[in-house]
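The values are calculated or read from the model by the stated rules, or taken from the named source; none is laboratory data. Since the structure is predicted, the reported quantities are computational estimates derived from the model, not experimental observations. Cβ: placed from backbone, ideal geometry, glycine included. Neighbour counts: every protein chain shown. Accessible surface areas use protein heavy atoms only, side chains included; no ligands, DNA or RNA. Shrake-Rupley method; radii C 1.70, N 1.55, O 1.52, S 1.80 Å.
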Amino acid sequence: MACVLVLLFLSLTGGGVCSHQVCSYQDVLDYLNLTRDNELYTSTRPVLDYTHPTVVHMDITLYAILAVIEKTQTFTPFIWINLQWNNERISWDPSQFCGIKALSLPKEMLWRPDLFIPEMTEMDNASQSPYVYISFDGNVTFEEDLKVVSTCKMDVHKFPFDTQSCNITVTSVIHSVSELRLIPSSNSSRVTQYSRRVMQTQGEWEFLRMSVTNKQFSINGDIWDQIVYTISMKRRPLLYVINFLLPVLFFLCLDLSSFLISDHRGDKLGFKVTVLLAISVLLLILNDILPSMSNRTPLIATYCIVIFALMLLSLLETVLVTYLMEKDSEEGRAREREDILLEDFEGKPRDEPAAPSSPHPSEKSCGRCACVCDWPRPGCPRDRLPMAEQRRVTLQAVAGGPGGGSGGGADGHQWRAVLEELRAMKGLALAWSRPGDRGKVHGHWTRLASRINVGFFGLYVAVAVCFLVLMYREWHS
């Protein structure tokens, strides 16, 4: 009985004790013979039967919209890529390695699918993820973040109220569907929701949605799989409205208000030229924003060009009105000169400022003098002769001498012929310049200019309002 107790004690305290098992990731790698020099895991597709295609499950998450450049037609997003495929050469029993079910190792130690993005124009020089994750059943997971500088065909017809859609296409370089299959891990709604949740920055763009499409294309009889991720985004137009559209509209309102400026002054013409130059500066700014080539003319370019054309027509109308008024003023001045000549001929006094009073009484009768140097009058300045005296002397000369006799001979008859001819010319001039007829002629061009101004202003306002309403409907259609 004592021997039995001793054996039982020994079995409990010493002989039957099992040591605690210690495991490491290297034990799993040693078991798999997975080293950097083993080409079994890197040289060929990880399948035991070459007829079995490698199925790659793929997922892309949009993390940020870094840049959208319309001038160069480039789109730069920051994305997360998740790839999963099965390596048939990798498997182990977790119970033999202390429950280890997964581990990470350098990505250079395993085969990876040769995927690329056709729209990508620049390689990302940022540091990449150096590891892949493998599980006990052979599932390989590779995650990588990538800054993609890609081409994107943009339609800027409705700029700055536009919505753009850019594609990120993923496909294999050399493996067709018989060797490699691409399958999206998530549908469009799930990708969109997750992208909105992790989105960090969008800039002037508002992320709308991301759609996932699985397509195939054929080259030389072989078929390739490809997954197309379409990112839709809408521009936030507030900056362009404040800095561009509203200033152009304000300049249009200023040009309309310039019709309140008098046309008789040169300020109106200078004001319109200044506003037109300001619009030209904004057009230069627009040239730096829009792409050089576009299928359709951008609405904002139409907006600026039409407003520029309206302001140019307004400037030309101002030039025409100013010319007509100046022409009327020239004719008025010519008629005033004719009136002066007629009044001088008849000897009628004109409305002129009174001569300053003089203490010498003989100087008061010299208010109206003609430049006659041959007959000076006592008491008046030399070389001045009153108009009445000039007419008297002329009549005496016509009558034949100072005494009024007929001794003038042939000279008297010549003077009478000249006088008759002058009287005939006076009659014609007076008939032409009757007060009623002169009132009709005087101011004709001014009234015509006023009518042109009022008509053009009404047409200008109607065209501008219709155009702005049409532009609003086009931008928001």
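Listing for the model above:
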item	result
Pairs with Cβ under 6 Å, 6+ apart, first in the stretch 58-69 and over 21 Å from S186 (Cα atoms), second among the β-branched types (V, I, T) and open to solvent by 10 Å² or more (accessible area, probe 1.4 Å)	L66/T76; A67/T76
Failed condition for H175, given (1) in contact with a Ser or Thr (Cβ under 7 Å, 6 or more places away or on another chain); (2) not in a strand (DSSP E or B)	(1)
Residue satisfying all of: in the stretch 218-238; of a type in the set (A, V, I, L, M, F, W, C) and free of Cβ contacts under 8 Å to residues at least 40 places away in the same chain; least open to solvent (accessible area, probe 1.4 Å) among these	I219
Only one of S292, S262, S329 that is more than 14 Å from the chain's Cα centre (by Cα), among the polar types (S, T, N, Q), outside any helix (DSSP H, G or I) and modelled with pLDDT under 85	S262
Qualifying positions in the stretch 239-259 - among the β-branched types (V, I, T) and either open to solvent by less than 30 Å² (accessible area, probe 1.4 Å) or over 30 Å from the mean Cα position of the chain (by Cα) (or both)	V248
So M311, is it at pLDDT 90 or above and either in contact with a His (Cβ under 9 Å, 6 or more places away or on another chain) or assigned to a helix (DSSP H, G or I) (or both)	yes
Residues satisfying the stated conditions in the stretch 89-115, i.e. open to solvent by 70 Å² or more (accessible area, probe 1.4 Å) and touching a Ser or Thr at 6+ places or on another chain (Cβ under 7 Å)	K101
Residue in the stretch 192-202 that is on the phi > 0 side of the Ramachandran plot and within 33 Å of the chain's Cα centre (by Cα) present	no
Pairs with Cβ under 6 Å, 6+ apart, first in the stretch 445-456 and farther than 12 Å from L320 by Cβ, second open to solvent by 50 Å² or more (accessible area, probe 1.4 Å) and in a helix (DSSP H, G or I)	none
Filter pass, L256 being closer than 30 Å to T446 by Cβ and assigned to a helix (DSSP H, G or I)	yes
Residue that is surrounded by 13 or more Cβ atoms within 10 Å (Cβ to Cβ), modelled with pLDDT under 95 and among the charged types (D, E, K, R), where the choices are K153, K147	K147
Number of positions in the stretch 187-201 that are open to solvent by 80 Å² or more (accessible area, probe 1.4 Å) and either among the charged types (D, E, K, R) or in contact (Cβ under 8 Å) with a residue 24 or more places away in the chain (or both)	6
Some residue of the stretch 162-178 being surrounded by fewer than 18 Cβ atoms within 10 Å (Cβ to Cβ) and of a type in the set (D, E)	no
The stretch 202-216, subset part of a strand (DSSP E or B) and open to solvent by 60 Å² or more (accessible area, probe 1.4 Å), residue farthest from Y303 (Cα to Cα)	Q216
Hits in the stretch 74-88 (condition: part of a loop (DSSP other than H, G, I, E, B) and buried (at least 18 other Cβ atoms within 10 Å of the Cβ))	N87
Members of the stretch 172-221 found to be at pLDDT below 90 and either touching a helix residue (DSSP H, G or I) at 6+ places or on another chain (Cβ under 9 Å) or of a type in the set (D, E) (or both), listed by number	E204
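Yes/no per residue for (1) open to solvent by 80 Å² or more (accessible area, probe 1.4 Å); (2) part of a strand (DSSP E or B); (3) in contact with a helix residue (DSSP H, G or I) (Cβ under 8 Å, 6 or more places away or on another chain):
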| site | (1), (2), (3) |
| --- | --- |
| L34 | no, no, yes |
| D37 | yes, no, no |
| T44 | no, no, no |
| V47 | no, no, no |
| H57 | no, yes, no |
| L62 | no, yes, yes |
